[in-house]
1. Sorting check: for 98-110, 72-84, 41-53, which peptide has the highest mean count of neighbouring beta carbons within 10 Å, and how do the rest follow?
2. For Ile4, Ile126, what's the largest-to-smallest order of accessible area, 1.4 Å probe?
3. When the chain is treated as a GNM, springs tying every alpha-carbon pair under 10 Å, which of Ala34, Ala90, Ala23 comes out with the largest mean-square fluctuation?
4. For Ala35 and Arg94, compute 0.36 nm times the residue count separating them, minus their Cα-Cα distance, and round to one decimal in nm.
5. Mind giving me the FRET efficiency for Leu28 and Lys84? R0 is 35 Å, r the Cβ-Cβ distance, nearest 0.05 is fine.
6. Divide by every residue of the chain the summed helix terms, -39500 (n - 2.57) for each DSSP H run of at least 4, and state the resulting mean residue ellipticity at 222 nm, rounded to the nearest 500 deg cm²/dmol.
7. Rank Asp55, Asp124, Asp20 by accessible area, highest first, at a 1.4 Å probe radius?
8. Using a 1.4 angstrom probe on the protein heavy atoms only, line up Leu24, Leu57, Leu119 by accessible area, largest first.
Amino acid sequence: MNTIVPLVETAKTVTLNRADYEALLEALEDAETAATLNANAAKERAAGKAAYRADCLSVGLVERMLAGESPVRVWREHRGLTSKALAEAAGLPRGYLSEIETGKKPGSLSALKRLAEVLRVGLDDIT
């Protein structure tokens, strides 16, 4: 980044030209990305690669969710569970799980919390 020269500077404000402002935003974004990558690498080293990546979805799985597939189904398959095993572990009727996975029913908050717990994900990961 080139040296940034303020256009106007007061005790409370600094005015920059647009290019300098955008360069600062880009540098901030790059620094945030680097910090996130470094934090994730440290977590992976601490937990071990396989354990850490068990909670990460591949690009293909994320693309399935972006295409509209049920996050519950994607996570269930990622965890290697059958629908029967997930339904039993969450204490839900298998048909109800099927309706959630096919989008016929949104699932109650209680049911989604139990599914998230069994799948070892946050509620926001399956809703």
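The values are calculated or read from the model by the stated rules, or taken from the named source; none is laboratory data. Bear in mind the structure is a predicted one, so any value in this text is a computation, not a measurement. With ideal geometry, Cβ positions are generated from the backbone for all residues, glycine too; neighbour counts draw on all protein chains shown. Side chains are part of the model used for accessible areas, which takes the heavy atoms of the whole protein and leaves out ligands, DNA and RNA. Shrake-Rupley method; radii C 1.70, N 1.55, O 1.52, S 1.80 Å.
1. Final packing ranking: 72-84, 98-110, 41-53.
2. Of Ile4, Ile126, the descending order of accessible area is Ile4, Ile126.
3. Ala23
4. On the way: separation 59, 0.36 × 59 = 21.24 nm, distance 4.24 nm.
Full extension of this stretch gives 17.0 nm more.
5. 0.10
6. -19000 deg cm²/dmol
7. Details: Asp55 85, Asp124 120, Asp20 30 Å².
Putting Asp55, Asp124, Asp20 in descending order of accessible area: Asp124, Asp55, Asp20.
8. Sorted descending by solvent-accessible area, the residues read Leu24, Leu57, Leu119.
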